[in-house]
Amino acid sequence: MRPLITLTTDFGLNDPFVGIMKGVILNIEPQAHIVDITHNIDPQNILQAARVLNATYPWYPRKTIHIVVVDPGVGGPNLNKSPKRSNLSLITEGRGPVGKRPIVVQSQFQTFIGPDNGVLTSALDPKSRVYELNNPKYFLKNISNTFHGRDLFAPVAAWIATGIAVSKMGPRVLKPIRLELPEAIQKSKSIKGEIIYIDRFGNATTNISAELMSETFASSDTIELKVGKNKIDGLVTGYFQVNPGQAGAILNSWDQVEIFCRDSSAKEKLKLKVGQSVTLKLK
C-alpha cells in the first residue's frame, strides 16, 4: 500500500503554499498518496483545526500520517531567542521563530505532525508517544521564518513515510500542550453545551453528543433546543423534515447535535457564532 499523508491547514487555496508542501513530500517519497482534508480552517483557529482533526482521523487507515499546520505564533517573537543564533539552531531547540516547538505524535495506529500548540490534542491518548522535531537531517536545508509547513512538517512526514522511525526525529516530549475542549454539562433533564464548529453551509455543530442525549432523555421525551432568542422543537432525522427557511436540529455525521436552516444558513439567519451557548431541555 502506498504511504498515505493528509494535510489540514489554514492556508486556503488561492496561494501556492499547499502545492509547495506536496512538491516537498513527493521529492522525498514519490509514492506518497496525499489527501487534502481541508485548507479552509479559519486563520490561526487552533480549536477549529483540532475539532476537524478529531472528526476526521478515525476514518483513515492504519499508518496514515496527518500533517496539521495551524500556528498563530509562526515567525513571532520569543523570549529565548538570541539574535546571534541561526533559525535552524533555535528551531532544533524548540525555540526561536517557530510559534511552538514542532512535534510528531505516534499514536497506536497513526502518526500526527504539527506545532505543539494543542492542535494535535485528539491524538494524545495514553498510549501515544510524542517527539520533538529537532533533527535537521530530516528538515529542508534552509529554514524560513514563515513557512514551516514546507521546511519542517512536510519533509518530516515524507521521511517517516519512507520508513524512518518517528523516534529518530528528536527527544521525547512528556508534557505536550493539550487544549481543554469545552464539554457539555448534564443537569437532571437538561443539557447545556455550546457551538463548536460552523461549516460552509452555515450549519452549527454543538458539543452535545448523541450519547449524552440518550443518557439524559427518554426516547418518548419532547425536547426543546434554545440558542440565543431562538427555540427549536425536537430533533429531526432529515433536513427535509422542516419547511424551507425553517430552523431545525439534527444529529449529524459527527453524532453531535447540529443546528441548521433548510435551504439557508443557520449562522446568518439565527446569528450564530462559535462558543455560543445551547441548551436542550424537556419542553
Report task. Would you mention how many residues in the stretch 133-170 are of a type outside the set (A, V, I, L, M) and closer than 19 Å to Ala50 by Cα? Result -> 3
Query raised in the report: Pairs, please: C-beta under 9 Å, at least 6 apart or cross-chain, first residue assigned by TED's automatic domain parsing to the domain that holds Gly248 and on the phi > 0 side of the Ramachandran plot and in the stretch 194-216, second part of a helix (DSSP H, G or I) and among the acidic types (Asp, Glu)?
Result: Gly202/Glu268
Query raised in the report: Going by the structure shown, is Phe153 in a strand (DSSP E or B), surrounded by 22 or more Cβ atoms within 10 Å (Cβ to Cβ) and hydrophobic (A, V, I, L, M, F, W, C)?
Result: no
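Collect the residues in the stretch 21-39 that are in a loop (DSSP other than H, G, I, E, B) and farther than 14 Å from Ile160 by Cα, keeping them in residue-number order. Give the steps one after another, and end with the answer.
To start, the set of residues in the stretch 21-39 that are in a loop (DSSP other than H, G, I, E, B) comprises 29-32, 39.
Scanning the stretch 21-39 gives a single hit, His39.
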Report task. Can you give me the number of residues within the stretch 123-148 that are small (Gly, Ala, Ser) and surrounded by fewer than 24 Cβ atoms within 10 Å (Cβ to Cβ)? Result -> 2
Query raised in the report: Of all residues in the stretch 40-76, which are in a strand (DSSP E or B) and under 9 Å from the mean Cα position of the chain (by Cα)?
Result: Val68
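The values are calculated or read from the model by the stated rules, or taken from the named source; none is laboratory data. These figures come from a predicted structure and were not determined experimentally. Note: ideal-geometry Cβ built from the backbone for every residue, glycine included; neighbour counts use all protein chains shown.
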